[in-house]
Amino acid sequence: MGRDVVRTADQPTIAVLLFVNMSGDPEQEYFSDGLTETLLHMLAQIPDLQVAARTSSFAFKGQQDDIREIADALDVAHVLEGSVQRAGDRVRITAQLIRASDGFHVWSENYDRTLDDIFAIQDEIAGKVGQALSVSLLGAKEPAPIVGVGTENLEAYDKFLRATAEHVKGAYGSLKASEGLLKDALALDPGFLDAKTLLAHVLADQWQTGLADQSGGLDSSIRLLEQVLAARPD
């Protein structure tokens, strides 16, 4: 998700930094990381907005560098950062869009909601950031439409976030764990296209690493991607 950025004078650029887990529980890291992944994916859909690649922006996880130094290293004009605190069925999220040239906030918001509102919160954050960038800087008449994570099933979404966290570890065991979580998510919501897409990546990775043969890995991956493209041609 995301792409390498080459800054131009008339094209807004942004990096999405990993939201800080403020829950006091390292086991909740998957949730804050997954929320960040989702926002990066949503912002990458905005035409003419250049979004720094995940591997580049996430490399600053846990570091206390000045925002302007991070933006300069990533060659972006704006940075989206925030924090997540999850306790029981409640979640508190802080998000802020910062202009790198002077360190000033372009937009910021605090959300204190129930976990059931997580999809609306993601939509609002991506929408507000998209409006701030695409309308004010690109001169668009209205914000570009952004497709969210693609499910309203909270349990399926939670499994998707856990699967994402396992997948990025890149270990043999984590690939199998990610596969199981994604299949559980799809059992809960068969129309969850983002989970289906990630499962296709996981199966392809299993084939490439020798964990699965061509039939169980590559061929299964292709069939899943064909289903996704049939449902979402764009």
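The values are calculated or read from the model by the stated rules, or taken from the named source; none is laboratory data. Keep in mind that this is a model prediction, so the values were computed, not measured. A quick note on method: Cβ atoms are made from the backbone with ideal geometry, for glycine too, and the neighbour counts reach across all protein chains shown. Quick note on the areas: whole protein, heavy atoms, side chains included, nothing else; ligands and nucleic acids left out. Shrake-Rupley method; radii C 1.70, N 1.55, O 1.52, S 1.80 Å.
Taking the Cα centre of the chain as origin, sum charge times position over the Cβ atoms of Lys and Arg (+1) and Asp and Glu (-1), and report the length of that vector in debye to the nearest 20. Please list the in-between numbers first.
Numbers: 20 positive and 36 negative charges, 35 e Å.
The dipole of the chain has a size of about 160 debye.
Whole-Hz ³J(HN,Hα) for each residue in region 28-41, computed from phi via Karplus 6.51 cos²θ - 1.76 cosθ + 1.60 with θ = phi - 60°, x for glycine and proline: what do you get?
Coupling constants for region 28-41: 8, 4, 4, 6, 5, 5, x, 4, 5, 4, 5, 5, 4, 4 Hz.
Most mobile of T13, T209, T197 per a Gaussian network model of the chain (Cα springs, under 10 Å)?
T209
Starting from the residue with the highest accessible area, list D213, D205 in decreasing order, probe 1.4 Å.
Details: D213 100, D205 45 Å².
Greatest to least solvent exposure: D213, D205.
In region 78-129, with Lys and Arg counted as +1 and Asp and Glu as -1 at Cβ, which of these residues, L115, V79, A126, has the Cα nearest the positive end of the dipole, that is, farthest along it?
About the Cα centre, the residue reaching furthest to the positive side is V79.
Ignoring ligands, DNA and RNA, what percent of the accessible area of region 165-228 is carbon or sulfur (1.4 Å)?
On the way: 1740 of 3120 Å².
Of all accessible area on region 165-228, carbon and sulfur atoms account for 56 percent.
Within the set of other residues whose C-beta is less than 10 Å from the C-beta of S23, count the net charge using Lys and Arg as +1 and Asp and Glu as -1.
Working: positive: R86, R92; negative: D25, E27, E29.
Summing Lys and Arg as +1 and Asp and Glu as -1 gives -1.
Using only Cα atoms, tell me the angle between helix 220-231 and the longest principal axis of the chain; keep it within 0 to 90° and round to the nearest 10.
50 degrees
Given springs between every Cα pair under 10 Å in a Gaussian network model of the chain, which of T164, T151, T55 has the largest fluctuation?
T55
Using the alpha-carbon atoms, what tilt in degrees (0 to 90, nearest 10) does helix 154-167 show relative to the longest principal axis of the chain?
90 degrees
May I ask you to rank L225, L35 by accessible area, largest first, using a 1.4 Å probe over the protein chains only?
Working: L225 70, L35 0 Å².
Largest to smallest exposure gives the sequence L225, L35.
Taking square-rooted eigenvalues a ≥ b ≥ c of the alpha carbon gyration tensor, is region 82-215 rounded, prolate or oblate, where a/c under 1.5 means rounded and, failing that, a/b exceeding b/c means prolate?
Details: a/c = 2.14, a/b = 1.78, b/c = 1.20.
Here region 82-215 falls in the prolate category.
Can you check what the net charge comes to around R92, using other residues whose Cβ is under 9 Å from the Cβ of R92 (Lys, Arg +1; Asp, Glu -1)?
Numbers: positive: R86, R90, R113; negative: D112.
Cβ neighbours under 9 Å give a net charge of +2.
Compute the signed sum of charges (Lys and Arg +1, Asp and Glu -1) over the other residues within less than 13 Å, Cβ to Cβ, of L211.
Values: positive: K176; negative: E179, D205, D213.
Once all neighbours under 13 Å are counted, the net charge is -2.
Just to check, using Stokes-Einstein with a Kirkwood Rh over alpha carbon pairs, what's the diffusion coefficient of region 1-118 at 37 °C and 0.692 mPa s in µm²/s? Display every interim value, and only then the final one.
On the way: Rh = 14.6 Å.
It comes out at roughly 225 µm²/s.
With Rg and Dmax of the Cα atoms in Å as the read-out, I listed (1) 17.1, 57; (2) 17.9, 54; (3) 25.4, 79; which label goes with the value calculated from this structure?
Calculated Rg and Dmax of the Cα atoms in Å: the matching label is (2).
Roughly what angle does helix 193-209 make with the longest principal axis of the chain, taking Cα atoms, 0 to 90 degrees, to the nearest 10?
Between the helix axis and the principal axis of the chain, the angle is about 60 degrees.
Rounded to the nearest percent, how much of the accessible area of region 13-99 (1.4 Å probe, protein heavy atoms only) is carbon and sulfur? Each step should come with its number before you reach the end.
Numbers: 1590 of 3570 Å².
Carbon and sulfur atoms account for 45 percent of the accessible area of region 13-99.
Over the chain, give the accessible area per residue in Å² for a 1.4 Å probe, as an integer.
Values: 11430 Å² over 234 residues.
Per residue, the chain has 49 Å² of solvent-accessible surface.
So which aspartates and glutamates pass the test for K183, namely a Cα distance under 19 Å, with those fewer than 8 places away in the same chain ruled out?
Output for K183: E152, E155, D158, E166, D194, D205, D213, D219, E226.
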